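The values are calculated or read from the model by the stated rules, or taken from the named source; none is laboratory data. This one's a predicted model, so the numbers in the text were calculated from it and none came from an experiment. FYI the Cβ positions are ideal-geometry reconstructions off the backbone, even for glycines, and counts take in every protein chain you see.
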Amino acid sequence: MQKILVVERIDENAIKGLKEDFLVDVRYDLKKEDLYEIIKDYDGLIIRSITKVNKELLNRATNLKIIGRAGNGVDNIDIEECSKRGVIVCNTPTSNTISACELTIAMILNLNRNVVLANKDLKNGNFRRNLFVGNEVYKKTLGIIGLGRIGSLVATRMQAFGMEIIAYDPYIKDEKFDNLNVKKVESLNDLLKVADIVTLHTPKTKETLNMISFDEFKIMKNDSIIINVARGGIIDEKALLKSLKEEKIKGAGLDVFEVEPCLNNPLFEYDNVLVTPHMGASTKEAQIRVGQNVCTQVRCGLLGFEVNNILNKELLMKNKLQKANIIKNYDLNLKNEGALK
Ligand code: NAD
């Protein structure tokens, strides 16, 4: 029987389903060295965002055929190295989009109305509404960077608040902007110049790393707010700190950080920085969806059926690397989809 190792928490019912066809070990307490020690025994690995799948791990994972990332971002996985070894990488990009969108909106509204600060103040025995005079978002400009799944959901929901929505995303068709009734801006700077609230929804790539740094904060409107529920490192934290010190921007909402877990960060000293511990996907609904989706894909991969969301199909094919039942699965996919582009 093939073996699957689950090293980060996913929905228990989804794991139960896997146990019908596989030997499943659930080891949420594993240290890196222990993982390196035992990984050779497993055909499938299920992770979230913490486990680093790098060359070191993969060199030891001689039986591994598929890695399921419960969630979206895959910057913790060296996809190229996986592909060289014939290991499928799949993720669940659509399962938590609504949750991430709703946390973004919670941050936008909280920062504009000082809800968290006022709550703390009142519970400390004060009743001082004058300290917490906020701003409406109505008729303000929301600048969305990355109009993908989450960015689009934020756009349509914030239109209901009467915000003007603009977006910068050079990789999507104009048609999408039109369909969403979102104004396209041609450059990042054009967005930063006019947005009252800037919200980031891009993946973390070489191009987006430190995308918002010293120069960009200079361009942003005074009194603007920036939100990052995407990935740590897209905002340069040193630059953000400087702009807060200089009271250049009004505040920031951060769910993600350059280094995670993030415990001691000078940004935490600012009342106008609202922080959460990378919990964009942490709703019951999303957890169930993510768990079921990742288990279904790993199950399909190991049993030789079609995997919905393979991230490295083209690389695997290019490398002509084959691992037993997995290649059968690719052939099936190829037949289903026609030639690969
Ligand atoms: P997506 O792939 O659907 O959308 C990303 C968009 O960014 C795409 O439209 C792409 O064209 C655009 N983009 C890429 N590079 C860009 C650039 N340089 N400039 C402008 N736009 C660019 O992704 P998604 O599902 O909407 O997820 C967005 C982000 O949110 C990802 O980083 C994901 O990892 C993150 N996320 C975080 C949480 C959380 O817990 N905080 C949960 C889910 C997703």
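Observations, loosely collected:
- Residue satisfying condition, being outside any strand (DSSP E or B), of a type outside the set (Ser, Thr, Tyr), in contact (Cβ under 8 Å) with a residue 40 or more places away in the chain and touching a Phe, Trp or Tyr at 6+ places or on another chain (Cβ under 7 Å), within set Leu153, Leu191, Leu244: Leu191
- From Leu45, Leu35, residue being away from the ligand (no atom under 16 Å from the Cβ), within 23 Å of Phe305 (Cα to Cα) and not assigned by TED's automatic domain parsing to the domain that holds Ile227: Leu45
- Flag for Ser213 being among the hydroxyl-bearing types (Ser, Thr, Tyr) and farther than 21 Å from Asn110 by Cβ: yes
- Sole residue being part of a loop (DSSP other than H, G, I, E, B), crowded, with 16+ Cβ neighbours inside 10 Å, in the same structural domain as Lys139 (by TED's automatic domain parsing) and small (Gly, Ala, Ser), chosen from Ala230, Ala239, Ala252: Ala230
- Hits in segment 21-37 (condition: at pLDDT 95 or above and out of contact with any helix residue (DSSP H, G or I) (no Cβ under 9 Å at 6 or more places or on another chain)): Leu23, Tyr28, Lys31, Glu33, Asp34
- Complete set of residues in segment 233-264 that are within 16 Å of the ligand (Cβ to nearest atom) and out of contact with any Leu (no Cβ under 8 Å at 6 or more places or on another chain): Asp236, Val256, Phe257, Glu258, Val259, Glu260, Pro261, Cys262
- Qualifying positions in segment 126-149 - within 16 Å of the ligand (Cβ to nearest atom) and at positive phi: Gly146
- Being modelled with pLDDT under 95 and surrounded by fewer than 16 Cβ atoms within 10 Å (Cβ to Cβ) holds for only one residue in Glu246, Glu269, Glu306, and it is Glu306.
- Meets criteria (more than 15 Å from the ligand (Cβ to nearest atom) and at pLDDT 95 or above) for Lys221: yes
- Identity of the residue in segment 115-140, part of a helix (DSSP H, G or I) and exposed (fewer than 10 other Cβ atoms within 10 Å of the Cβ), that ends up farthest from the chain's Cα centre (by Cα): Asn130
- Across segment 58-97, the number of residues qualifying as of a type in the set (S, T, N, Q), within 16 Å of the ligand (Cβ to nearest atom) and touching a residue at least 40 places away in the same chain (Cβ under 8 Å) comes to 7.
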